[in-house]
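The values are calculated or read from the model by the stated rules, or taken from the named source; none is laboratory data. Bear in mind that the values here come from a model prediction, so they are computed numbers and not experimental data. In this analysis, Cβ positions are derived from the backbone assuming ideal geometry, glycine residues included, and neighbour counts consider all displayed protein chains. Surface accessibility is based on the protein's heavy atoms, side chains included, excluding ligands, DNA and RNA. Shrake-Rupley method; radii C 1.70, N 1.55, O 1.52, S 1.80 Å.
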Amino acid sequence: MLFKIISIVGSLTFLSRILGYFRDLLIARVIGAGLISDCFFVAFKLPNLFRRILGEGAMNAAFIPVVSGVRTKSGKKSADAFFSNIFSFLLVALLAFVLILEIFMPLIITLIAPGFSDNPEKFNHSINLTRLTFPFVLFICLTSLMGAYLNTLGKFASMAVTPIILNLSLIFTLLIYFKSENLFFISSTLSFVVSIAGIIQVIWMYYNIRRNKSKLSLNFYFLKTFKSDKEITKFFKLLLPAILGNGAYQINLLIDMILASTLPDGSISFLYYADRVNQLPLGVLGIAIGTALLPVLSSQVKKNQKKEAEKSISKAIKFGILFSIPAFFGLLIFSENIISFLFFRGAFEYKDVQATSSALIALCCGLPAFIMIKILVIPFFANEDTKTPIKISLFCMSINLILNLILIREFLHVGLAISTSASAWINFILLFYILNKNLNYSFDISIFKVFLKVSLASLTMSYIVLKTYEFMINNFEMYTLYNTNFILILCIIFGIIIYSALMYFLGIKELEINKWKIQKK
């Protein structure tokens with residue numbers, strides 16, 4: 001069922017994001033926002049980029065439609081063999097890729113953080129940290145492939161647990177070295193633990209593969225003949241474009257990091273912390289809907305069930321609207337309060353709060369678009385069309401880069417965030433238009449009804465909550481940081497109640513929960 005799948009993946013992803021927040025809270029508390037944190041976030045960003053593009057998008061987009069076709073035509077045994085062949089190839093290819101980049105890491109850091117070259121200490125420490133984190137790429141890509149295969153079997157929970165493993169590993173390490181003042185040692189240890197967590201994730205996913213009675217075996221002999229396999233060729237033709245087509249947001253953030261490295265110390269950290277807050281609704285909702293939609297839609301496309309596919313897409317869009325718009329308003333009106341509540345302690349100073357909240361305001365303006373992109377690329381991938389999303393992504397990346405170069409001079413790191421949001425809206429509009437015109441997908445008129453109701457409810461909720469917050473702040477006897485944070489939590493809870501009540505009175509019949517099953521052979 002649609003709602004069941006989204007609930008399972010969404011709840012586990014939400015738990016992961018909460019743990020991720022606690023992890024970032026400890027990082028901000030111990031390391032702060034400066035030279036060392038910039039080095040660590042560059043080292044963490046590079047393998048994490050592969051996790052978000054592959055683990056939360058491209059691997060599913062390329063693998064699921066192909067393996068679904070293999071299972072439909074030839075059965076589960078052939079699907080297991082196809083899965084094993086892809087796994088074997090990726091193991092060898094990624095191992096070689098990681099080794100090569102480890103050797104040329106100074107060049108990589110020069111490319112992704114060119115501003116670090118002017119500071120030898122910052123440059124060399126970034127190289128050392130990235131060499132420690134980069135093996136994570138090998139492990140997370142293999143983990144993503146195993147998760148994608150389990151998704152085709154209707155098993156979604158195990159893959160959603162893997163980020164929790166990473167976050168718990170880093171949290172445990174930070175708690176051990178919480179009182180240490182050797183920031184170089186702490187950042188090095190954290191970087192090493194990232195790769196260790198990747199190994200644990202692979203073991204976890206292999207256990208779940210075996211538990212679900214699927215067979216995974218290494219077949220290196222297959223590497224000699226893989227070019228002649230039509231299904232393998234189809235997979236790689238889909239994979240490379242999907243990396244850009246589904247990873248536009250992450251690639252835009254990478255561009256932002258490259259340019260931010262030329263700005264004063266802390267700029268990369270400000271963008272990282274702002275993105276982490278923005279990723280909570282984006283990750284929970286965008287990933288959950290995308291993960292749930294792709295295997296269902298792929299099955300419907302393979303069976304030529306066009307009307308059912310249109311209903312699935314429309315329902316996914318409505319779910320996205322229902323949660324993304326109120327989340328946008330909440331982040332917009334309480335950006336500084338949220339950043340202060342989450343990170344204002346230890347080495348993270350008030351000036352860092354202001355700089356980070358400004359970036360969050362700019363990023364959250366693109367939140368609804370980010371989530372819609374996650375949904376709208378799925379029909380293209382289900383139809384094995386990766387060329388269209390990649391063309392749109394490349395165009396929007398160009399727009400992002402142009403806006404970056406224009407806005408960075410006046411608005412510094414905030415200008416980079418503004419550009420990312422603006423390019424996301426252009427991406428969303430183009431995907432929506434082409435999906436309707438070129439692929440002839442018809443969208444239910446109830447989508448617009450849901451949009452109007454949600455917008456009205458969100459605006460009303462925002463006004464009531466903001467006035468309530470101002471009243472409580474002005475009338476609270478003891479104005480302290482702790483009291484302000486307590487009021488913020490109360491207002492967020494109050495806002496959720498108000499929004500839920502408004503949606504109930506406005507009616508949400510368009511979002512009736514029906515069964516949304518993966519049809520198996």
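Filter segment 10-20 for residues that are surrounded by fewer than 18 Cβ atoms within 10 Å (Cβ to Cβ) and either at pLDDT 75 or above or over 19 Å from ILE371 (Cα atoms) (or both) and give the result.
LEU15, ILE18
State yes or no: is ILE258 of a type in the set (Val, Ile, Thr), open to solvent by less than 50 Å² (accessible area, probe 1.4 Å) and at pLDDT 70 or above? Explain how you work it out, then say what you get.
Values: of a type in the set (Val, Ile, Thr): yes; open to solvent by less than 50 Å² (accessible area, probe 1.4 Å): yes; at pLDDT 70 or above: yes.
So ILE258 passes the test.
Just one of (1) closer than 15 Å to GLY366 by Cα; (2) loosely packed, with under 15 Cβ neighbours inside 10 Å trips up SER423, so point out which.
Just one mismatch for SER423, condition (2).
Where residues in segment 76-124 are of a type in the set (Ser, Thr, Tyr) and open to solvent by 20 Å² or more (accessible area, probe 1.4 Å), which of them is farthest from LEU138 (Cα to Cα)?
SER117
Please work out if ILE196 is assigned to a helix (DSSP H, G or I), β-branched (Val, Ile, Thr), closer than 28 Å to LEU129 by Cβ and at pLDDT below 80.
Here the answer is no, as ILE196 does not meet what is asked.
Limited to segment 111-148, what total is found for residues that are in contact with a Ser or Thr (Cβ under 7 Å, 6 or more places away or on another chain), touching a residue at least 12 places away in the same chain (Cβ under 8 Å) and farther than 20 Å from ALA197 by Cβ?
5
Search segment 327-369 for residues being within 17 Å of the chain's Cα centre (by Cα) and open to solvent by 10 Å² or more (accessible area, probe 1.4 Å), and hand back the single one that is nearest to ILE497 (Cα to Cα).
ALA327
From the list ILE140, ILE186, ILE176, exactly one residue is open to solvent by 10 Å² or more (accessible area, probe 1.4 Å) and hydrophobic (A, V, I, L, M, F, W, C). Which is it?
Working: ILE140 fails: open to solvent by 10 Å² or more (accessible area, probe 1.4 Å); ILE186 fails: open to solvent by 10 Å² or more (accessible area, probe 1.4 Å).
Answer to the selection: ILE176.
Here's a check for you: in segment 128-137, which residue that is in a helix (DSSP H, G or I) and open to solvent by 10 Å² or more (accessible area, probe 1.4 Å) is farthest from LEU46 (Cα to Cα)?
Residues of segment 128-137 in a helix (DSSP H, G or I): 128-133, 136-137.
Of the ones still in play, those that are also open to solvent by 10 Å² or more (accessible area, probe 1.4 Å) are 128, 131-132.
On the way: ASN128: 13, ARG131: 10, LEU132: 11 Å.
Among residues in segment 128-137 that are in a helix (DSSP H, G or I) and open to solvent by 10 Å² or more (accessible area, probe 1.4 Å), the one farthest from LEU46 (Cα to Cα) is ASN128.
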